[in-house]
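Note sheet for the following structure.
Read the figures in this text as sums done on the coordinates, not as results from a lab. No experiment lies behind these values; they were computed from the predicted model shown. Ideal geometry is used to build each Cβ from the backbone, glycine not excepted, and the neighbour counts take in all protein chains shown.
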Amino acid sequence: MAKLVVVLGDQLSPALASLQKIGPDDIILLAEVAEEACYVKHHKHKIILIFSAMRHFAATLQQQGKQVCYLEYNKSASIRSMTDAVAYALQQHCGIQEIVITQCGEYRLQQTINSWPQKFAIPVTQLEDDRFICSATQFTRWAEGKKQLRMEYFYRDMRRYTGLLMANNQPLGGKWNYDAENRKACPSNTTPIMPLQFSCDDITDTVKRLVQQQFADHMGSVDNFSYAVTGKDARQAFLHFVATQLPQFGDYQDAMLFDKPFLFHSICSVYLNCGLLDVRWMCNKVVAAYHNGDVPLNAAEGFIRQLIGWREYVRGLYWLLMPNYAEHNQLNAQRNLPEFYWHGKTQMRCMQQAISSTIEHAYSHHIQRLMITGNFALLAGLSVKQVTDWYLAVYADAYEWVELPNTLGMALFADGGVLASKPYAASGAYINRMSNYCKNCAYQVKHTTQTDACPFNALYWDFLHRHQQQFGANPRLALTFANWQNRSDSDKAAILAKAADTLNRLEQL
Ligand code: DLZ
Ligand code: SF4
């Protein structure tokens, strides 16, 4: 019985459930389609990465003797969606009696796939995506009956379940979490080793020309694309990270430095999230480096926490809470996203740095995403929909299962605290502590109401004042609110007036 095995652009793993037990008559379908390439305006590097990695992956399958139906992007073709692509493949290859697909990463597409049995009148088997360690069912079981779904407790269970960095069912070093040792500011003269860059082969060059022609108005330039597009190169990039950057990743996880967009970050989420890397393989390499004495515990634990903690947790939450999750807007944030999110031309040095790295590399690291662009969006009350669409479009590692909880929940507090116990709101003082941006900035980080005041400062107080009812009783914000209350009425009025003026002039910042 011949099957049509549909492989999506973020499922490029040889170990993918649907690619096991492929018979000689089975057809593997990969399709570059407008609907997937345009549901948000993806950064050019993201499209190059996915199309080129898909083409390399298909070539490897063909070399292994498998039958591949590969549809290259063609703007004028009638095949515009995955559903069109499946219809075409079924028409071209008679005798197919079943469609097989591994569960996809976005609710939007999942709904479409759910409509296939009726549409095509053949069975559609959807397999568990076992590239994640925690299945959706396991996560639901974990969440059952819990009042709060905190990452830390999920993470501890995942450590116990995987045995990673554990001995006798206890965490190595005696502590579960070395978060407090992940917050050092980085000396300005640090010269971190760059993530590996890769030159383009003929396949990538062809895709670059296609992207330049068809997606010219999307963010970024095709000229500086340098991501790995095969599993082999992605693994090399990760091993380079483990050997050269990981030892300092722990200390400087939350640090930011002017013109050092990667610092000690691996950027391997770009590869992991489209399937070029395998999470268990990565974890084992990190643990081995720790046991070899090559990386300290705070670095190994910090990285493992991202992989089996945060990553698996946000994915579990996404599938548990969708589709309602996407509709949350607890703080009623409605303001339009300023244009500088797209071009990066702003005098706020921190925002300029985070956005220019986004434009250049389809990447900025987690603290830039959370505490710079995310924090600004939170303080200014920018539209949740516009901000989440922006994050989904501009980052090469962004698919909705990971992007939505991180942006809507963590950065914007729009889920009302499902994910975070308090809003990640911060004034310029935090940014000044964790970066060297402020001394290169047109604004003065120590000023709040003056003409040259750092916009984050008045916006921060205004945010707290605006949402006093929501957060006033939060014990983690008690000191902050006491600080606000202790100010004189005239001080408060001046700060709120400055914030109102700043919000009126967002485009000019
Ligand atoms: C992101 C993306 C893009 C840009 N293009 C394609 C495509 O043409 N074909 C495809 O199969 N997948 C693509 N993807 C990734 C999908 O959007 C992704 O599989 C879904 O969002 C589910 O996570
Ligand atoms: Fe950002 Fe304010 Fe520092 Fe400028 S002074 S870099 S706007 S935090």
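Points to keep in mind about this one:
- For Ile28, the residues whose amide H sits under 5 Å from its own are Val5, Gln67, Val68, Cys69, ignoring neighbours fewer than 5 places away on the same chain, with H placed 1.01 Å from N.
- Rg over Rh [alpha-carbon atoms, Kirkwood Rh] for the range 89-191: 1.19
- Here is the list for the range 280-352: trypsin sites (Lys or Arg not before Pro) lying in DSSP coil, each with at most 15 other C-beta atoms within 10 angstrom of its C-beta, are Lys345.
- Taking a ≥ b ≥ c as the square roots of the eigenvalues of the Cα gyration tensor, an a/c ratio of 1.5 or more together with a/b no larger than b/c marks the range 22-127 as oblate.
- The loop-placed trypsin sites (Lys or Arg not before Pro) in the range 380-454, going by DSSP, that have at most 14 neighbouring Cβ atoms within 10 Å of their Cβ come out as Lys446.
- For the range 340-508: rounded, prolate or oblate by the Cα gyration tensor [a/c cutoff 1.5]: oblate
- Shape call, the range 388-485: gyration tensor on alpha carbons, a/c limit 1.5: oblate
- For the pair Gln212 and Ser488 in one chain, pulling the backbone fully straight at 0.36 nm per residue adds 93.7 nm over the alpha carbon distance.
- Evaluated at q = 0.05, 0.11 Å⁻¹, the base-10 log of the normalised Debye intensity for the chain, with identical point scatterers placed on the Cα atoms, takes the values -0.20, -0.99.
- Sites Val279 and Cys94 - FRET efficiency at Förster radius 56 Å, r taken between beta-carbons, to 0.05: 0.90
- Considering only Gln91, Ala15, Gly173, the residue lying farthest towards the positive end of the dipole of the chain is Gly173, judged by Cα position with unit charges set on Cβ.
- Note that the range 394-410 has calculated 3J(HN,Hα) couplings of 8, 9, 5, 9, 8, 10, 4, 4, 9, 6, 5, x, 5, 8, 5, x, 6 Hz, one per residue in order, obtained from phi through the Karplus relation 6.51 cos²θ - 1.76 cosθ + 1.60 (θ = phi - 60°); glycine and proline are x.
- Dipole magnitude of the range 2-127, debye to nearest 20 (Cβ charges: Lys/Arg +1, Asp/Glu -1, about Cα centre): 240
- Placing +1 on each Lys and Arg Cβ and -1 on each Asp and Glu Cβ, with no other charges, gives the range 185-306 a dipole about its Cα centre of roughly 260 debye.
- Compactness relative to 2.2 N^0.38 Å, alpha carbon Rg of the range 188-238: 1.41
- Here the chain is treated with +1 on each Lys and Arg Cβ and -1 on each Asp and Glu Cβ, and its dipole about the Cα centre works out to around 1100 debye.
- The chain: calculated mean residue ellipticity at 222 nm from DSSP helix runs of at least 4, using -39500 (n - 2.57): -12500 deg cm²/dmol
- Of every Cα-Cα pair in the range 309-381, the percent that sits beyond 15 Å: 64
- Neighbour-limited loop hits for GluC sites (Glu not before Pro), the range 127-192 (at most 15 other Cβ within 10 Å; DSSP other than H, G, I, E, B): Glu128, Glu144
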